[in-house]
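Q: Encoded as structure tokens, here's the structure I'll be asking about.
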Amino acid sequence: MSILIVGAGLSGAVIGRELAEAGHAVTILDARPHIGGNCHTERDPDTGVMVHVYGPHIFHTDDQGVWDYVTRFATFEPYKNRVKSTVGGQVYSLPVNLHTINQFFGTAMRPDEARAFIAERAEDIPEPQNFEEQALAFVGRDLYEAFFKGYTEKQWGCDPRELPASILKRLPLRFNYDDNYFFHKYQGMPRDGYTALIQRILDHPVITVQLNTTYDPATGGDWDHVFWSGPLDGYFNYDLGRLGYRTLNFERFTAQGDYQGCAVMNYGDRDVPHTRITEHKHFSPWEEHEGSVLYRETSAEAGPDDIPYYPIRLVAEKELLTRYIAQAQATPGVTFVGRLGTYRYLDMDVTIREALDTAQTWLDTQKAGTAMPAFVNAPL
């Protein structure tokens, strides 16, 4: 059958490869001049540094199947994400761990002492209703205002009390000296970058990739099925209004030697406009480079011409999302996939898992003679 996939990022590449291996002809379109979506990496010609063009992506997963899948197409080097944060003129370790707590409060507590110490400062909020309440119940006011409040206001452009508690629930709090940001079994970076990984996934004789090419659903073409990984509202030409996103702006600069001594330095103070600085050669610690490429990163509300990064998903957006879901479910012959197509924040491993499951669902429906759903993974 003839399959059209819109978007040459992880979702489109994985679905395309699975269907191609099942014998179907796959055409993948992408409006950008490169594959990889926001995972796109490229060598800086002056320094040789592998640059994460749309901000850093660190692979981490407990999903054995996903790990086996990506390592089939690329060699992964071990990588631990150790984030630092500059707050009040001092540098601390994130996520909040025993070193952070002892340094911040000027103490030398053991794990059990620190646990009791934080429990005394945590506020008694049995069912936190928003980000701030969750943080106060989690770590207390001092740590919240130092490491979470200002950063969150800059990242999301609103009062933390307007954000759901679920955003904070993903962040760990440790009462030991483990400063590895993630806790998954498999963590690493593709040695040759993410674009090379995705290129190998796309390297199949019945996959055709067309870059610098947009797709208009209104004048689509004769395809047996379409997989859309672009913005859900964009498929319908935003006819109900635009779903809200935050975007990222990057101020790129270079330096000689080691500029900040780590890959990611957060800035928690509200009066510092940027949220973090990333130094990209530290994402490839197995390489050595004299020069350095850095991004000073700020967050803003996404306009029509901006790249959407983080779905806002507050009350107004969820109401609009419900209407777009109904519209999508009434549209035959198209399945919406990925973080933009389902308007969800997804880590890379989840994106790949959902793409594999989506491809298998389509193959199963073809065998059974049933209709393919608009969403294999529900947006709400």
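The values are calculated or read from the model by the stated rules, or taken from the named source; none is laboratory data. Worth saying up front: this structure is predicted, and the values here are computed from it rather than measured. In this analysis, Cβ positions are derived from the backbone assuming ideal geometry, glycine residues included, and neighbour counts consider all displayed protein chains.
Q: Checking residue 373 against (1) in contact with a Ser or Thr (Cβ under 9 Å, 6 or more places away or on another chain); (2) under 30 Å from residue 182 (Cβ atoms), only one condition comes out false. Which one?
A: Only one criterion in (1) in contact with a Ser or Thr (Cβ under 9 Å, 6 or more places away or on another chain); (2) under 30 Å from residue 182 (Cβ atoms) is unmet by residue 373, namely (2).
Q: How about the stretch 113-126: which of its residues are in contact with a helix residue (DSSP H, G or I) (Cβ under 9 Å, 6 or more places away or on another chain) and in a helix (DSSP H, G or I)?
A: Those that are in contact with a helix residue (DSSP H, G or I) (Cβ under 9 Å, 6 or more places away or on another chain) and in a helix (DSSP H, G or I): 114, 117, 118, 121.
Q: Are any residues in the stretch 345-380 more than 25 Å from the chain's Cα centre (by Cα) and free of Cβ contacts under 8 Å to residues at least 24 places away in the same chain, and if so, which ones?
A: 364, 365, 367, 368, 369, 370
Q: While we're on this one: Which of the residues spanning the stretch 193-223 are on the phi > 0 side of the Ramachandran plot and either buried (at least 16 other Cβ atoms within 10 Å of the Cβ) or without any contact (Cβ under 8 Å) to a residue 40 or more places away in the chain (or both)?
A: 193
Q: Among the strands (runs of 3 or more DSSP E) confined wholly to the stretch 127-235, which include 1 or more residues that are touching a Cys at 6+ places or on another chain (Cβ under 9 Å)?
A: Working: elements: 186-190, 207-210, 225-228.
Filter on the stretch 127-235 gives an empty set.
Q: Next question, about the same structure. What about residue 153, is it under 25 Å from residue 272 (Cβ atoms) and either modelled with pLDDT of 95 or more or touching a strand residue (DSSP E or B) at 6+ places or on another chain (Cβ under 9 Å) (or both)?
A: yes
Q: Now, a different point. From the list 97, 38, 102, exactly one residue is under 17 Å from the mean Cα position of the chain (by Cα) and among the polar types (S, T, N, Q). Which is it?
A: 38
Q: Looking only at residues in the stretch 111-137 that are within 17 Å of residue 167 (Cα to Cα) and crowded, with 20+ Cβ neighbours inside 10 Å, which one is nearest to the chain's Cα centre (by Cα)?
A: That would be 131.
Q: Also: Taking only the stretch 79-96 into account, find how many residues are within 18 Å of residue 57 (Cα to Cα), part of a loop (DSSP other than H, G, I, E, B) and not polar (S, T, N, Q).
A: Here the count works out to 4.
Q: Tell me which residues, restricted to the stretch 13-41, are in a loop (DSSP other than H, G, I, E, B) and over 14 Å from residue 226 (Cα atoms).
A: Quick first cut of the stretch 13-41, residues in a loop (DSSP other than H, G, I, E, B) only: 22-24, 30-36, 40.
Within the stretch 13-41, 22, 23, 31, 32, 33, 34, 35, 36, 40 meet the criteria.
Q: Please go through (1) surrounded by fewer than 18 Cβ atoms within 10 Å (Cβ to Cβ); (2) touching a residue at least 12 places away in the same chain (Cβ under 8 Å); (3) among the hydrophobic types (A, V, I, L, M, F, W, C) for residue 336 and return the number of the only condition it doesn't satisfy.
A: Single failed check for residue 336: (1).
Q: Find the residue count for the stretch 353-378, including only residues that are in a helix (DSSP H, G or I) and not polar (S, T, N, Q). Talk me through it step by step, then tell me what you get.
A: Going residue by residue through the stretch 353-378, those that are in a helix (DSSP H, G or I) are 353-368.
Filter again for not polar (S, T, N, Q), leaving 353-357, 359, 362-364, 367-368.
Going through the stretch 353-378 one residue at a time, the tally reaches 11.
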